[in-house]
1. All but one of (1) open to solvent by 20 Å² or more (accessible area, probe 1.4 Å); (2) in contact with a His (Cβ under 8 Å, 6 or more places away or on another chain); (3) within 19 Å of G163 (Cα to Cα) hold for S227; which doesn't?
2. Looking only at the stretch 169-202, which residues are crowded, with 20+ Cβ neighbours inside 10 Å and either in contact (Cβ under 8 Å) with a residue 60 or more places away in the chain or assigned to a strand (DSSP E or B) (or both)?
3. Can you name every residue in the stretch 271-293 that is within 30 Å of A211 (Cα to Cα), in contact with a helix residue (DSSP H, G or I) (Cβ under 8 Å, 6 or more places away or on another chain) and of a type outside the set (A, V, I, L, M)?
4. Those residues that are out of contact with any helix residue (DSSP H, G or I) (no Cβ under 9 Å at 6 or more places or on another chain) and closer than 25 Å to P100 by Cα, I need them from the stretch 159-188; list them, please.
5. Can you find a residue in the stretch 63-76 that is assigned to a strand (DSSP E or B) and touching a residue at least 40 places away in the same chain (Cβ under 8 Å)?
6. Pick out the one residue from E243, E272 that is part of a strand (DSSP E or B) and either open to solvent by 10 Å² or more (accessible area, probe 1.4 Å) or touching a Cys at 6+ places or on another chain (Cβ under 8 Å) (or both).
7. Out of G285, G239, I need the residue that is of a type in the set (G, A, S), closer than 24 Å to G42 by Cβ and free of Cβ contacts under 8 Å to residues at least 24 places away in the same chain. Which one?
Amino acid sequence: MTEFFKGHGLGNDYIALEMDGLPFGLTPPAVRLICNRHTGVGSDGILGRTGSTVADFGLRIFNPDGTEAEKSGNGLRIFAAYLLGRGEIQVGRAFSVETPGGIVGMTVVAAMGSGAWMVEAEMGTATFQSADVGLDGDDREVDNEALELEAGDAVLINTVSIGNPHCVVFVDEVDVEELRRRAPQISTHPAFARGTNVQFAVPAEPGAVEAWVWERGAGETRASGSSACAVAAAAVRRGMVSERRVEVRMPGGALHVEVRDDFSLVLRGPVEDVYRGTMTDGMVGRLREVSWP
């Protein structure tokens, strides 16, 4: 039971495995060891398949720092490729996945060749209330609200929840070094009770937004499905785009998000198989050492 699958969505890679029967626990130290790109398998996170009484499949999502995420758009699409490879789902047939952030309806839309698939996910309904992302103060809709950072710096934030917390900052242009300085401060800001994912976004066209992503528990990320959804929802909400089918362009590539009238979100994007493997006895032994006393 130490077999695993690895896939990526626009350069954001995850390992998928069966949690039932694992000979070690997915404790934070074990997750960090597996995700380590020098001494482990290497990935941006782990997808642990579990059972579910309310959906076809259950899923736990682990960040590379050992914390757990409520939902992941890229992770869910990679999980779909994992299930497809095991023969548990079929192209064109809908299925559901229970995550800590809610139940997600999914479909592998089409094969793209060479182990690549186009996958669609119903990511839930976006909300913009401060309480939904754990932001302190009275519950309110956060629309370009100032958040104080270090040394008198401040950013104007827009909070979005789609089952996990997001903080979208619209800027005139992307200065990566400046964003790398600010994003960690926002992600771990004491005003957010659970921390937050961070996106800096630049409206590009009536139906397109460019975005740069800093994920809670992972750091700078080439692409993120849930972040793309948050950016699209915030851009529509604030009138930054005039179309409801929004292309979100990130360093790793573009994802497409349909923002419906009720702000329910449909994410569509590619995923690719990378490899399947088996952990060695030595690796399993090291994982056992960091799993239990």
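The values are calculated or read from the model by the stated rules, or taken from the named source; none is laboratory data. These figures come from a predicted structure and were not determined experimentally. Cβ coordinates were reconstructed from backbone atoms using ideal geometry, including for glycine residues, and neighbour counts include every protein chain displayed. SASA here: full protein model, heavy atoms, side chains in, ligands and nucleic acids out. Shrake-Rupley method; radii C 1.70, N 1.55, O 1.52, S 1.80 Å.
1. Condition not satisfied by S227: (1).
2. Across the stretch 169-202, the qualifying residues are V169, F170, F192, T196, N197, V198, Q199, F200, A201.
3. Kept after step one, since they are within 30 Å of A211 (Cα to Cα), are these residues of the stretch 271-293: 271-275.
The next check asks that each one be in contact with a helix residue (DSSP H, G or I) (Cβ under 8 Å, 6 or more places away or on another chain); those that pass are 271-273.
Once the filter is applied, which keeps residues that are within 30 Å of A211 (Cα to Cα), in contact with a helix residue (DSSP H, G or I) (Cβ under 8 Å, 6 or more places away or on another chain) and of a type outside the set (A, V, I, L, M), the stretch 271-293 yields E272, D273.
4. A183, P184, I186, S187, T188
5. From the stretch 63-76, those assigned to a strand (DSSP E or B) are 68-69; that's our starting set.
Next, only the ones that are touching a residue at least 40 places away in the same chain (Cβ under 8 Å) stay: 69.
Checked the stretch 63-76: at least one residue is assigned to a strand (DSSP E or B) and touching a residue at least 40 places away in the same chain (Cβ under 8 Å).
6. Details: E243 fails: part of a strand (DSSP E or B).
Result: E272 is the single residue among E243, E272 that is part of a strand (DSSP E or B) and either open to solvent by 10 Å² or more (accessible area, probe 1.4 Å) or touching a Cys at 6+ places or on another chain (Cβ under 8 Å) (or both).
7. Working: G239 fails: closer than 24 Å to G42 by Cβ.
Only one candidate qualifies: G285.
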